[in-house]
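Participant: Can you read through this structure? Questions will come right after.
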């Protein structure tokens, strides 16, 4: 009898093999032996093909990475039908296997389990950049940091217009909280429907600005928007000027 476990997700395959071996040892009283590419020998494998355990119902042989050695692989493949017909259990555990070898196992194995590693798609520079770090720098009135983050945002593929709207959002939030100076954070959450984290960050920053300053920032952003729409200004340069005048 043959079982094949293969694939790059070693942790998953190990758990599955452990479960199978525990089952063979406890329920079928099998004697378990282990061979890998270093201690594999044709004579030893031949013994398991023929042998019956003296004090157990059957033998279970775990063969790990034996297909990494060409000579061992050729011998195993030449005797794969004998392993399948044996009363003993042969458990093959491999990382990678050629498609033609897998096809041979499919004809003879009791079960085949593939454990492929799930690869997550790499995030782009734009996805990795946290645009909120820029609006946070603005709220903290850290002009230099805000400008540097703006340059990084553009380099990451974020448009100047995206940054513009994030700054609009930040100024609007600051103006709302500035108009509620006596309100507690829970009261602001209830009144605005904002997430408590957004309220906390805004409350911490609102003292950096006067009401008049926030109104002025708001007017400048509105003016920048209309100038860009009429072709009188460029978002990239306009947003940069806005940040540098922080």
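Participant: Please go through (1) under 30 Å from residue 200 (Cα atoms); (2) crowded, with 17+ Cβ neighbours inside 10 Å; (3) without any contact (Cβ under 8 Å) to a residue 60 or more places away in the chain for residue 136 and return the number of the only condition it doesn't satisfy.
Facilitator: Among (1) under 30 Å from residue 200 (Cα atoms); (2) crowded, with 17+ Cβ neighbours inside 10 Å; (3) without any contact (Cβ under 8 Å) to a residue 60 or more places away in the chain, the lone unmet condition for residue 136 is (3).
Participant: Another question, then. Provide a single number: the residues in region 139-153 that are loosely packed, with under 14 Cβ neighbours inside 10 Å and not in a helix (DSSP H, G or I).
Facilitator: Qualifying residue count for the region: 1.
Participant: Just checking, does region 100-117 include any residue being assigned to a helix (DSSP H, G or I), within 22 Å of residue 221 (Cβ to Cβ) and without any contact (Cβ under 8 Å) to a residue 12 or more places away in the chain?
Facilitator: no
Participant: Further question: Mind listing whichever residues of region 2-13 are under 28 Å from the mean Cα position of the chain (by Cα) and touching a residue at least 60 places away in the same chain (Cβ under 8 Å)?
Facilitator: 4, 5, 6, 7, 8, 9, 10, 12, 13
Participant: On to the next question. Identify the residue in region 34-50 that is in a strand (DSSP E or B) and touching a helix residue (DSSP H, G or I) at 6+ places or on another chain (Cβ under 9 Å) and, among all such residues, is surrounded by the most Cβ atoms within 10 Å (Cβ to Cβ).
Facilitator: For region 34-50, the residue satisfying everything is 35.
Participant: Can you tell me which of 62, 77 is at pLDDT 90 or above, surrounded by 13 or more Cβ atoms within 10 Å (Cβ to Cβ) and not in a helix (DSSP H, G or I)?
Facilitator: 62
Participant: For the list (1) at pLDDT below 95; (2) touching a strand residue (DSSP E or B) at 6+ places or on another chain (Cβ under 7 Å); (3) outside any loop (DSSP other than H, G, I, E, B); (4) under 17 Å from residue 3 (Cβ atoms), I need the number of the one condition that residue 97 fails.
Facilitator: Going through the list (1) at pLDDT below 95; (2) touching a strand residue (DSSP E or B) at 6+ places or on another chain (Cβ under 7 Å); (3) outside any loop (DSSP other than H, G, I, E, B); (4) under 17 Å from residue 3 (Cβ atoms), residue 97 breaks only (3).
The values are calculated or read from the model by the stated rules, or taken from the named source; none is laboratory data. Since this is a predicted model, take the numbers as computed values, not measurements. Note: ideal-geometry Cβ built from the backbone for every residue, glycine included; neighbour counts use all protein chains shown.
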